[in-house]
Amino acid sequence: MITQGQNPLLQILKTPSLMPALDIDGWNQVLFEAHMLKLRGRLAHDAEANGLWEKLPDKVQMILTNAKVETTARQRKIMWEVNRVRRALFDFEDKVILVKGAAYIVKGLTSALGRHSVDVDILVARKNLDSVENHLFLAGYGSQILNDYDQQYYREWAHELPPLLHPDRMVEVDVHHTILQVTNRLSPNIELMMAAAQQVEDGIYTLCDEDMLLHSIVHQFVDGTLKGSLRNLLEQHDMMGEFSADPDFWTRFMDRAEIVNFGRPVFYSLRYCQYFLNTSIPADVMRRAEKYAPGAVTLMLMDMMILRVMLPFGDKRSRLSDYLATNGLYIRSHWLRMPPMMLMTHLARKLLRRITFSKA
Amino acid sequence: MNLVPVDAKQRLSGPGLLMGIGPITTRISIEFPSIRDEFLRIYQGYPFFEGPEIIDYYLDVYAKNFFRRYLRPQVAINTLMRDDFAPLPESMGLLSVEMALNWQVAFGCKSHILFHAGVVEKNGIGVIIPAISGSGKSTLSAGLAYDGWRFFSDEFGMLDAETGALHPYPRPVSLKNQSIPVMKEWLGSEDAFSREYHGTPKGTICYLRPPDSSLENMYKPVRPRVIIHPVYGPNAKSEIKPLTETMAFFRLVRSSANYGDIGAPAFHALAKIAQNCIACEITYSSLEEGIRLVNKFIDENIA
């Protein structure tokens, strides 16, 4: 039974067998939110994998087919791009680590199923950046960002090169040298993570399970926009479920989180996975993470904002509070990302650009 | 259940009007009264649902602020898909609506194989008319539609890969420049036309509502039997040039927007069509000649 008063999308993500119980208005809400949150591909997969496809209204089957074809095609393009990147880097000697979507796909993780992935993200040692970039240039990749300030900003402060594209395929390749902006207050020990990476194919690696989950967590709770990021939470939920089949996983994971100083974002992830998706997390793990919780007032604010922006599209909500929550979280992500003076100059520059429409 | 027109206007200005065309249901809301009127004029006779219905696409036609609503009116479009439409002046609002509806289908629809093609039907014979813009496919499709054929689309051929059937998606025909007087003369009345929009990036544009009988039968699919590539030229010699199965196949691939995304099922479906259809290219210099050649090719090749 679909429970009134609870978000139907969350309910069917947790319990796909509820899908056939949705009525037309329920489907419209679910399909709309799933579209905005890029989760329609996941619903299509869940419906098929649970033998529910034939029980869905024809119209829903058609809409979910659109999503299924699109996510499958995108994943196919991504894997082909990975193949092309490998070819471009064939005589590059060091590790090339796939992260995010491409990593989930090659590892065959649950979080890849029906996932909407658009870019290829790779991680290489900072000392190798020039070499990797040159290899890719030689293979025909080009940089899309031509403006000097942006180029310099990327190179000096960002955790990645300006995005690269091959003109024949137009799939964005992002070359990272760490997982957070260089100026971020949390600066992880990336050497440690790169050393622990596991080979999946010749020369191609992924982060180890703990680090893969940590990366998803900091991407969402430290570096990214939280608005509409339910799918990131879902991928963490999936990984927690999948990795914890190994009884030692949770201990290894919490040890790792402490070593790389990610206690706070891990606390948030566990808290909100449990809240939104009923993720099963052992009580002692939750207690251990609670040591890294923020003060009561901050936590209350964070709860308020997250509850508003994770599913921001339902009606019956005041627009002002949504606006405040979204902007509060935007400012937070920038606040974490760079020191105050640098933030001021950066935002002033962006503002000036908007006012004058210039590209400077 | 269908709505009476006055309710349709209220829906358009308020919660959104549910419009069903062929397999696609769109919820549309329009903030500008003038555009609502133009919209309802050209979409007169289309199914507007009382609801509830499962919605494929949402389209919001709005003004970004007070200035853009009342002082220098400008139409913004939200398709909820990654579009990048420049706002247009209010007087061209219907163009924005049509562009947005095209965009949603062209980039969102993967359940059917899409051809950039006109499609018509008579006596159970489905005809695909694939071509690039400016080759005369819209005019030829519309001309056939007002000459006893059932109109499916002038722009979006929609094929169900599993059943091999074409599905109607009879949106208004978009006519450009010299085609407009040609079609007005062909119909002998201006009732089914929108007003003319001058000075667009494509010159003058005018929309033509398909015949009522085509709208009434918009849920009946047909099997494709014929592929005709039109090549219009003001001085062209009337000619029918047969196409081989291989050429017919490759031209279908080239005209399909989502062939690559659908992959293997699309390959098999198109190979089957190429195998089961007769195909030709026609060159012609007037609408009459074009229609004559279409009929001639079919009469001579299908018993």
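The values are calculated or read from the model by the stated rules, or taken from the named source; none is laboratory data. If you're wondering where the values come from, they're calculated on a predicted model, not measured in any experiment. Note: ideal-geometry Cβ built from the backbone for every residue, glycine included; neighbour counts use all protein chains shown.
So here's what we get for this one:
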quantity: The stretch A:288-327 - residue that is at pLDDT below 85 and of a type in the set (S, T, N, Q) and, of those, nearest to A:LEU230 (Cα to Cα); calculated: A:THR326
quantity: Selection status of A:PHE253, touching a Phe, Trp or Tyr at 6+ places or on another chain (Cβ under 8 Å), over 27 Å from A:ARG308 (Cβ atoms) and crowded, with 20+ Cβ neighbours inside 10 Å; calculated: yes
quantity: Per-region count, the stretch B:75-98, residues crowded, with 19+ Cβ neighbours inside 10 Å, among the polar types (S, T, N, Q) and within 22 Å of B:CYS206 (Cβ to Cβ); calculated: 1
quantity: Subset of the stretch A:142-164 (residues that are under 28 Å from A:ALA195 (Cα atoms) and either modelled with pLDDT of 90 or more or not hydrophobic (A, V, I, L, M, F, W, C) (or both)); calculated: A:TYR153, A:TYR154, A:ARG155, A:GLU156, A:HIS159, A:GLU160, A:PRO162, A:PRO163, A:LEU164
quantity: Residue under evaluation A:PRO20, criteria (1) out of contact with any Leu (no Cβ under 8 Å at 6 or more places or on another chain); (2) at pLDDT 95 or above, criterion not met; calculated: (1)
quantity: Residues of the stretch B:99-109 that turn out to be polar (S, T, N, Q) and surrounded by 19 or more Cβ atoms within 10 Å (Cβ to Cβ), as a count; calculated: 1
quantity: Spans of helices (runs of 4 or more DSSP H) in the stretch B:202-303 with at least 1 residues out of contact with any His (no Cβ under 8 Å at 6 or more places or on another chain) and within 14 Å of another protein chain (Cβ to nearest Cβ); calculated: B:259-262, B:264-276
quantity: Positions within the stretch B:58-80 being in contact with a helix residue (DSSP H, G or I) (Cβ under 6 Å, 6 or more places away or on another chain), among the hydrophobic types (A, V, I, L, M, F, W, C) and within 14 Å of another protein chain (Cβ to nearest Cβ), in sequence order; calculated: B:LEU59
quantity: Residue count for the stretch A:149-158, restricted to those that are touching a residue at least 24 places away in the same chain (Cβ under 8 Å) and either buried (at least 16 other Cβ atoms within 10 Å of the Cβ) or outside any helix (DSSP H, G or I) (or both); calculated: 1
quantity: Strands (runs of 3 or more DSSP E) completely within the stretch A:169-227 that count 3 or more residues being on the phi > 0 side of the Ramachandran plot; calculated: none
quantity: Single condition A:HIS166 does not satisfy, out of (1) touching a Leu at 6+ places or on another chain (Cβ under 8 Å); (2) surrounded by 15 or more Cβ atoms within 10 Å (Cβ to Cβ); (3) more than 15 Å from A:LEU98 (Cα to Cα); calculated: (1)
quantity: Qualifying residue in the stretch A:86-94 (condition: within 22 Å of A:LEU213 (Cβ to Cβ) and acidic (Asp, Glu)); calculated: no
quantity: The stretch A:84-128, subset of a type in the set (Asp, Glu) and more than 14 Å from the chain's Cα centre (by Cα), residue farthest from A:GLN236 (Cα to Cα); calculated: A:ASP91
quantity: Subset of the stretch A:119-144 [part of a helix (DSSP H, G or I) and surrounded by fewer than 16 Cβ atoms within 10 Å (Cβ to Cβ)]; calculated: A:ARG126, A:LYS127, A:ASP130, A:SER131, A:ASN134, A:PHE137, A:LEU138
quantity: Exclusive hit being within 14 Å of another protein chain (Cβ to nearest Cβ), at pLDDT 95 or above, closer than 26 Å to A:VAL30 by Cβ and in contact with a Ser or Thr (Cβ under 6 Å, 6 or more places away or on another chain), set B:ILE55, B:ILE24; calculated: B:ILE55
quantity: Subset tally (residues that are in a loop (DSSP other than H, G, I, E, B) and touching a Lys or Arg at 6+ places or on another chain (Cβ under 8 Å)) for the stretch B:61-97; calculated: 2
quantity: Single residue of A:SER111, A:SER131, A:SER117 found to be touching a Gly at 6+ places or on another chain (Cβ under 7 Å), of a type in the set (Ser, Thr, Tyr) and away from chain B (no Cβ under 14 Å); calculated: A:SER117
quantity: Selection within the stretch A:214-229 - out of contact with any Lys or Arg (no Cβ under 9 Å at 6 or more places or on another chain) and at pLDDT 95 or above; calculated: A:ILE217
quantity: Filtered residue count, the stretch A:266-296, keeping only those that are among the aromatic types (Phe, Trp, Tyr) and assigned to a loop (DSSP other than H, G, I, E, B); calculated: 1
quantity: Helices (runs of 4 or more DSSP H) wholly inside the stretch A:18-101 that include at least 2 residues being more than 14 Å from every other protein chain (Cβ to nearest Cβ); calculated: A:40-49, A:58-88
quantity: Candidates B:PRO210, B:PRO224, filtered to the one that is modelled with pLDDT of 95 or more, out of contact with any Leu (no Cβ under 6 Å at 6 or more places or on another chain) and crowded, with 21+ Cβ neighbours inside 10 Å; calculated: B:PRO210
quantity: Top-ranked residue of the stretch A:265-297 - restricted to ones that are of a type outside the set (A, V, I, L, M) and touching a residue at least 60 places away in the same chain (Cβ under 8 Å), ranked as surrounded by the fewest Cβ atoms within 10 Å (Cβ to Cβ); calculated: A:ASN278
